[in-house]
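First comes the structure, then the notes that go with it.
The values are calculated or read from the model by the stated rules, or taken from the named source; none is laboratory data. Small disclaimer: the values here were computed from a predicted structure and weren't measured. Ideal geometry is used to build each Cβ from the backbone, glycine not excepted, and the neighbour counts take in all protein chains shown. Ligands, DNA and RNA are excluded from the accessible area calculation, which covers all protein heavy atoms including side chains. Shrake-Rupley method; radii C 1.70, N 1.55, O 1.52, S 1.80 Å.
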Amino acid sequence: MKRLIVANWKMNPPNKKTAKKIFDSAQKNACGLKNIEVVVCPPFVYLGVLSLSASGGFRAKSHSAFGAQDVFWDEKKTSYTGEISATMLKNLGVKYVIIGHSERREHLGEDNLIINKKVKYALSAGLKVVFCVGEKERDDDGQYLNFIKTEMLEGLFSVPAKLANNLIVAYEPIWAIGKSGKNADSPEKVFEISIYIKRILADIFGRPRGDQIPILYGGSVDIENTEGFLSEGRISGLLIGHKSLETESFKEILKIANNIRK
Ligand code: 13P
């Protein structure tokens, strides 16, 4: 499987012109990299503009796709001021959606129940879901593992197994987000936690289905630590925040990810 590199732009950049510049660079730099798939997740306001941009969105050979940073959980009725449906996203050519990001959990009151509704709706609508989990802090007693487990059991509650092939889990320890690369988690620990996550997925969805769900790492990914996570950490990809907005750094990260041995 191709490694998945997901660029989460969060609430950046402040204008359309810069968004276009960052996107054009990502598109150009992803072109021809056969071993990775690049997913760019801009704010909603830029998705339309970028998907219609000069080359008609991503170039056919770039192995790239658009993702959204959120989606609403229902569209049976449309009276939801400010919300965006999966159908709207799909009609723009969006393939992926990030659900359960810690920033939405913390600042927008999204709990496991809301996240579960969003995951079920987005999967049933045919979007690929990047479902985020991760602890606030890591204690010596291993309570953080229970925290991750609860996020997974409640967030994925009653998701039909047949939809699991469109599910991706992103492990993002909150304490490692938005810092310099030195504060990121270690590849060894990420490997260990990815095994733990895989076991929970196998319990939920059975084998081999659960084992096949890709696990990404996110939290202060940069040029220096990319290789470690993908080789020693043996994960399926990365969810990248601020470095995905720095065009030169992102270009290097894509190159490193593409060149990593299996
Ligand atoms: P940073 O890469 O800026 O730490 O952000 C990680 C993240 O939250 C991606 O979703």
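In table form, for the structure just shown:
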| item | result |
| --- | --- |
| Estimated distance in nm for a label pair at Glu246 and Asn91, the labels positioned 7 Å out from Cα along Cα-to-Cβ | 3.9 |
| For Ile99, residues with placed amide H under 5 Å, excluding near neighbours | Val130, Phe131, Cys132 |
| Among the listed pairs Lys2/Lys95; Lys77/Lys149; Lys20/Lys189; Lys21/Lys120; Lys2/Lys243, those beyond 25 Å (Cα-Cα) | Lys77/Lys149; Lys20/Lys189; Lys21/Lys120 |
| Karplus 3J(HN,Hα) series, Hz, for the range 34-42 with 6.51 cos²θ - 1.76 cosθ + 1.60 (x for Gly, Pro) | 7, 8, 10, 10, 9, 10, 9, 10, x |
| Size of electric dipole in the chain: Cβ of Lys, Arg +1 and of Asp, Glu -1, about Cα centre, debye, nearest 20 | 1340 |
| Long-range HN-HN contacts of Leu238 with modeled amide H, under 5 Å | Leu4, Ile5, Val6, Tyr217 |
| Nearest-0.05 FRET efficiency for Lys189 and Asn165, computed from C-beta distance (R0 22 Å) | 0.20 |
| Gain upon complete extension [Lys117, Thr150; 0.36 nm per residue less C-alpha separation] | 10.3 nm |
| Per-residue HN-Hα couplings for the range 230-242 [Karplus 6.51, -1.76, 1.60; θ = phi - 60°; Hz; x = Gly/Pro] | 7, 9, 5, x, 6, 9, 8, x, 9, 10, 10, x, 4 |
| Relative contact order (%) - criterion: Cα under 8 Å, at least six apart; region: the range 146-219 | 46 |
| Nitroxide proxy distance, nm - points 7 Å out along Cα→Cβ at Asn15 and Leu52 | 2.0 |
| With every protein chain in place, the chain: carbon and sulfur % of accessible area (1.4 Å) | 53 |
| Value of [θ]222 nm, deg cm²/dmol, for the chain, DSSP H segments ≥ 4, -39500 (n - 2.57) each, nearest 500 | -11500 deg cm²/dmol |
| Residues in the range 230-258 that a label on Lys34 would reach, taking backbone N under 20 Å of a point 7 Å out along Cα→Cβ | 254-258 |
| Amide H contacts under 5 Å for Ser220, placed H, 5+ residues apart | Gly178, Lys179, Gly241 |
| Ranked by how many other beta carbons lie within 10 Å on average, peptides 225-237, 143-155 from highest | 225-237, 143-155 |
| Average accessible surface area per residue within the range 124-198, 1.4 Å rolling probe, Å² | 47 |
